[in-house]
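Participant: Have a look at the structure that comes next, please.
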Amino acid sequence: MEYDVMVLGGGEAPEGLEQHTDYGTKATLKLGDRLMIEPVVDALCGARGARRVLVVGHADPLEKLIGAKVWKIAPPGGAMFETLRVGLDTFKDSEFIMVSTCDIPLITADMVSRFADAAERSGGDICYSVIEKSTFDRAYPTTKRTYGKMKDGVFTGGNLVLLRPRVLLDNWHRIEAVIAARKSPIKLARQIGVWFIILLLLRQLRIKAVEDKIESMIGAKMKAVIVHDAEIGIDVDKVVDYELVLQTLGL
């Protein structure tokens, strides 16, 4: 399988880490003599099947810092889904695109390849990486993540997603309706269903039920892909995350 890649390279440096970047962005946080986004781009470029790498972020300073490593740098949209639309439109003729955040510098090309292979096998249109709590506890016992408890187990979300752009573009009006409804709890509850919400709150749902609900709402087949590389879930949102990354890298 071949796929194109979109790296979300926008976003300001997290509170408390502003002094660790010369440019004020998360992508340009310093990791020794490298920047946060560099090992991410290296891993994605080196993964089996990866083709063009698009970074969505501010051209200045990314163009001069990593422009030679990637296919293209494009300006971000105003909101997250607008930024996603930039990538979907750019790669609308591709069968698959991999979407990654810029702040997972512990990933390797092999980890990306393993996720891509598992995502393809799942048959999903949206393949979202998830990691079991036990995987995190074994690899990084001191780290604290946000977990969701399902009947299948306890999971946290990863930072890699494999998408079929054409399916999402064909159903974009449905996706926009869900996005608009999130501003109104009543509208969102109507879309999701009260019984579904009750089961979710009681932690009585299985992953398959969530996948089916999302598919019914947006018309795209959702698959949660369980990965065994905790590094896919180690993003840098807080000072403690940054310290963990530096410690793991020996910096």
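The values are calculated or read from the model by the stated rules, or taken from the named source; none is laboratory data. None of these values were measured; they are calculated from a predicted model. Here the Cβ is made from the backbone with ideal geometry for all residues, glycine too, and neighbour counts use every protein chain on show.
Participant: Pairs please, first residue from the stretch 55-79 and in the same structural domain as residue 22 (by TED's automatic domain parsing), second anywhere and among the basic types (Lys, Arg) and not in a helix (DSSP H, G or I), Cβ atoms under 7 Å, 6+ apart in sequence or on different chains.
Facilitator: Qualifying pairs under 7 Å: 71/52.
Participant: Going through the stretch 201-251 one residue at a time, which ones are charged (D, E, K, R) and outside any helix (DSSP H, G or I)?
Facilitator: 203, 206, 221, 223, 229, 235, 237, 238
Participant: Among the numbered conditions (1) part of a helix (DSSP H, G or I); (2) at pLDDT 90 or above, tell me where residue 60 comes up short.
Facilitator: (2) is the only condition that residue 60 fails.
Participant: May I ask you to verify whether residue 149 is in a strand (DSSP E or B), in the same structural domain as residue 238 (by TED's automatic domain parsing) and modelled with pLDDT under 90? Show your work before the answer.
Facilitator: Numbers: in a strand (DSSP E or B): yes; in the same structural domain as residue 238 (by TED's automatic domain parsing): yes; modelled with pLDDT under 90: yes.
Yes: the conditions hold for residue 149.
Participant: List, please: which pairs have Cβ atoms under 9 Å, are six or more places apart or on different chains, and start with a residue in the stretch 230-242 that is surrounded by fewer than 18 Cβ atoms within 10 Å (Cβ to Cβ) and end with one that is assigned to a helix (DSSP H, G or I)?
Facilitator: Sorted first by the residue in the stretch 230-242, then by its partner, the pairs are 237/26.
Participant: What is the number of the single condition among (1) more than 18 Å from residue 213 (Cβ to Cβ); (2) modelled with pLDDT of 95 or more that residue 124 does not meet?
Facilitator: With (1) more than 18 Å from residue 213 (Cβ to Cβ); (2) modelled with pLDDT of 95 or more applied to residue 124, the lone miss is (1).
Participant: While we're looking at this one, here's another question. When only residues in the stretch 220-251 that are acidic (Asp, Glu) and under 12 Å from residue 129 (Cβ atoms) count, which is modelled with the lowest pLDDT? Give the derivation first.
Facilitator: Going through the stretch 220-251, the residues acidic (Asp, Glu) turn out to be 229, 231, 235, 237, 241, 243.
Applying the additional criterion that residues be under 12 Å from residue 129 (Cβ atoms) yields 229, 231, 235.
Working: 229: 98, 231: 98, 235: 95.
Applying the filter and picking the extreme gives 235.
Participant: I've got another one for you. What residue, of 80, 36, 1, 6, is closer than 29 Å to residue 169 by Cβ, hydrophobic (A, V, I, L, M, F, W, C), under 20 Å from the mean Cα position of the chain (by Cα) and surrounded by 20 or more Cβ atoms within 10 Å (Cβ to Cβ)?
Facilitator: Just one listed residue meets the conditions, 6.
Participant: Which of the residues belonging to the stretch 83-138 are assigned to a strand (DSSP E or B) and either among the acidic types (Asp, Glu) or surrounded by fewer than 17 Cβ atoms within 10 Å (Cβ to Cβ) (or both)?
Facilitator: Across the stretch 83-138, the qualifying residue is only 132.
Participant: With the structure loaded, tell me whether residue 72 is surrounded by fewer than 22 Cβ atoms within 10 Å (Cβ to Cβ), basic (Lys, Arg) and touching a Lys or Arg at 6+ places or on another chain (Cβ under 8 Å) or whether it fails that test.
Facilitator: The answer is yes for residue 72.
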